[in-house]
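Okay, so here's the structure we're looking at.
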Amino acid sequence: MSEEGGRVVISARGAAHIRAGHLWVYRSELRQVEAVGGSIVRVADARGRILGRALYSDRSEIALRLLTARDERVDRDWWQQRLRVAFERRAGLDGACEAYRLVYAEGDLLPSLIVDRYRDVLVIQTLAQATDARKDLFVELLVEAFAPRAIIERNDVRVRELEGLEMRAGMLYGADPGEVEIIQHGTRYRVLPLGGQKTGAFLDQRENHLAARRYARGRALDCFTFNGAFALNIAPACDNVLGLDISEEAVLGARRNAELNGARNVEFRVANVFDALREFETRGERFDTIVLDPPAFAKNRASLASAVRGYKEINLRALKLLATGGTLITCTCSYHVDESLFGEIVADAAADARRRVQIAERRMQSSDHPVLVGVPETLYLKCLVLRVID
Ligand SMILES: C[S@@+](CC[C@H](N)C(=O)[O-])C[C@H]1O[C@@H](n2cnc3c(N)ncnc32)[C@H](O)[C@@H]1O
């Protein structure tokens with residue numbers, strides 16, 4: 001691992017991008033490289049003016065990720081300090097919830113590094129060559145800061161392939177904790193950090209789970225429920241809730257979480273939401289509250305058109321199923337579907353469903369996934385709370 005590993009000169013366009021607040025420089029903007037992949041480099045513009053220090057990758061299209069705009073040494077103390085600031089930003093969450101994102105990569109000025117906390121178990125993702133090369137250091141610093149029971153790596157994510165890094169999941173510290181029980185704003189869950197979806201739970205929806213409680217009532221449907229989080233959060237406000245997920249494992253987990261919380265008005269079923277919504281419509285069923293939280297339909301720009309069709313279909317069907325006065329809580333976690341496109345999809349769906357719809361609230365990912373101004377890629381989760389008024 002090289003601490004200070006060279007120098008990269010970038011084009012005027014690359015420099016303008018950085019000066020405008022972005023942290024990334026694309027490979028096409030590199031002009032001169034004296035560095036090896038995985039090192040931390042000094043970045044300069046064509047006139048030799050230093051723009052800061054960055055993580056360098058010799059494979060990814062994102063060749064540089066800026067760490068600091070200062071010409072400062074990025075050593076152990078530097079990392080420790082930057083991590084500490086990210087941890088302190090979450091201090092207010094302690095007590096209310098036991099699982100949250102401690103480090104949100106670019107959003108926390110710690111590009112390509114993610115750390116999630118599940119009580120005394122930490123999960124780490126190092127998504128670029130240079131953070132991957134410093135994994136041991138991060139483990140050391142996390143042990144010092146939290147004395148965790150275990151640290152798991154969930155580096156089994158496809159983006160690593162773009163960096164020429166292997167996909168892997170396993171223990172970095174301590175023994176496999178198996179299932180971990182957590183309490184989030186009063187709701188209990190069992191999560192599997194080493195084997196579950198994401199790093200065990202969808203922490204980015206935590207605050208939307210809470211918000212949904214304020215709107216939900218009557219007969220409710222939670223589509224794409226995973227471990228039942230929306231369903232369990234809205235259950236106290238509803239007569240009954242039906243949660244649907246295509247994954248049998250997810251549904252088994254959701255049922256166990258319902259038991260754990262003593263929730264008796266919640267039922268979970270394995271189903272394809274696309275089919276289920278169609279069947280409810282055929283049978284003329286009605287709901288007062290519907291949650292739509294699908295997986296990212298648009299993984300990249302190429303799949304955007306089919307993703308838009310998918311989002312439109314589920315939103316259209318859900319709007320048709322809602323009783324007048326009912327609420328739709330609808331989400332997209334596709335970065336490529338931005339706020340404005342999502343608004344258009346919902347408007348199209350409302351028009352085709354012949355429903356009049358108000359926006360009650362515009363929401364996004366939880367506050368422990370902070371959006372960095374100037375880096376639009378840090379905003380990926382959009383959530384609209386809609387009221388059907390006619
Ligand atoms: C974004 S996650 C849901 C997270 C969850 N709502 C929460 O708040 O924790 C998407 C879920 O959709 C499920 N899924 C994917 N395609 C589906 C489909 N066609 N029908 C039903 N569930 C599906 C996945 O198994 C996954 O659990």
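Once you have a ≥ b ≥ c as the square roots of the Cα gyration tensor eigenvalues for the stretch 236-284, tell me rounded if a/c is under 1.5, and otherwise prolate or oblate according to whether a/b is larger than b/c.
The shape class here is oblate.
Could you tell me the number of lysine pairs in the chain with C-alpha atoms less than 16 Å from each other, where the two lysines are 8 or more residues apart or belong to different chains?
Lysine pair count for the chain: 4.
What net charge do the residues around residue 160 carry, taking every other residue with its C-beta under 9 Å from that of residue 160, with Lys and Arg at +1 and Asp and Glu at -1?
Surrounding charge for residue 160 is -3.
What number in nm² do you get for the stretch 1-160 if you take the convex hull of its Cα atoms and divide its surface by four?
It is 9.2 nm².
With the dipole of the chain worked out from charges on the C-beta (+1 for Lys and Arg, -1 for Asp and Glu) around the Cα centre, which of 261, 291, 164 lies farthest toward the positive end?
291
For the stretch 6-68, what's the relative contact order in percent, using C-alpha pairs closer than 8 Å and at least 6 residues apart?
Normalised by residue count, the contact order of the stretch 6-68 is 36 percent.
Need one word for the stretch 76-180: rounded, prolate or oblate. Basis is the Cα gyration tensor (sqrt eigenvalues a ≥ b ≥ c); a/c below 1.5 gives rounded, then a/b vs b/c decides.
Oblate is the answer for the stretch 76-180, as a/c is 1.5 or above yet b/c matches or exceeds a/b.
Determine the shape class of the stretch 251-387: with a ≥ b ≥ c the square roots of the Cα gyration tensor eigenvalues, call it rounded for a/c under 1.5, and otherwise prolate if a/b is greater than b/c, oblate otherwise.
It is oblate, given that a/c is not under 1.5 and a/b is not larger than b/c.
Report the one residue of 235, 325, 32 whose Cα lies farthest in the direction of the positive end of the charge dipole of the chain (charges on C-beta: Lys and Arg +1, Asp and Glu -1; origin at the Cα centre).
It is 325, whose Cα lies furthest towards the positive end.
Distance from the Cα centre of the stretch 296-317 to that of the stretch 3-79, in angstrom?
35 Å
Which three numbers, in whole Å and largest first, are the semi-axes of the equivalent ellipsoid of the chain derived from its Cα gyration tensor as √(5λ)?
40, 25, 17
Amide H of residue 357: which non-local residues (sequence gap of 5 or more, or other chain) have their own amide H closer than 5 Å, using H built in the peptide plane?
Counting only residues 5 or more places away or on other chains, the set is 389.
Express in nm, to one decimal, how much length is gained between residue 389 and residue 78 on full extension, taking 0.36 nm for each residue of separation and deducting their alpha carbon distance.
That works out to 106.6 nm of additional length.
For every other residue with a beta carbon closer than 12 angstrom to the beta carbon of residue 12, add +1 if it is Lys or Arg and -1 if Asp or Glu, then tell me the sum.
The answer is +3.
What size of dipole, in debye to the nearest 20, comes out for the stretch 6-68 about its Cα centre when the only charges are +1 on Lys and Arg C-beta atoms and -1 on Asp and Glu C-beta atoms?
Approximately 180 debye in magnitude.
What is the chain's relative contact order, in percent, from Cα pairs under 8 angstrom and six or more apart in sequence?
Once divided by the residue count of the chain, the mean separation gives 11 percent.
Based on Cβ point charges of +1 for Lys and Arg and -1 for Asp and Glu, what charge dipole magnitude is obtained for the chain about its Cα centre, in debye rounded to the nearest 20?
Dipole magnitude for the chain comes out near 880 debye.
None of the figures in this text is laboratory data; all of them are computed from the coordinates on show. What you see is a predicted model, and the numbers here were worked out from it, not measured in a lab. A quick note on method: Cβ atoms are made from the backbone with ideal geometry, for glycine too, and the neighbour counts reach across all protein chains shown.
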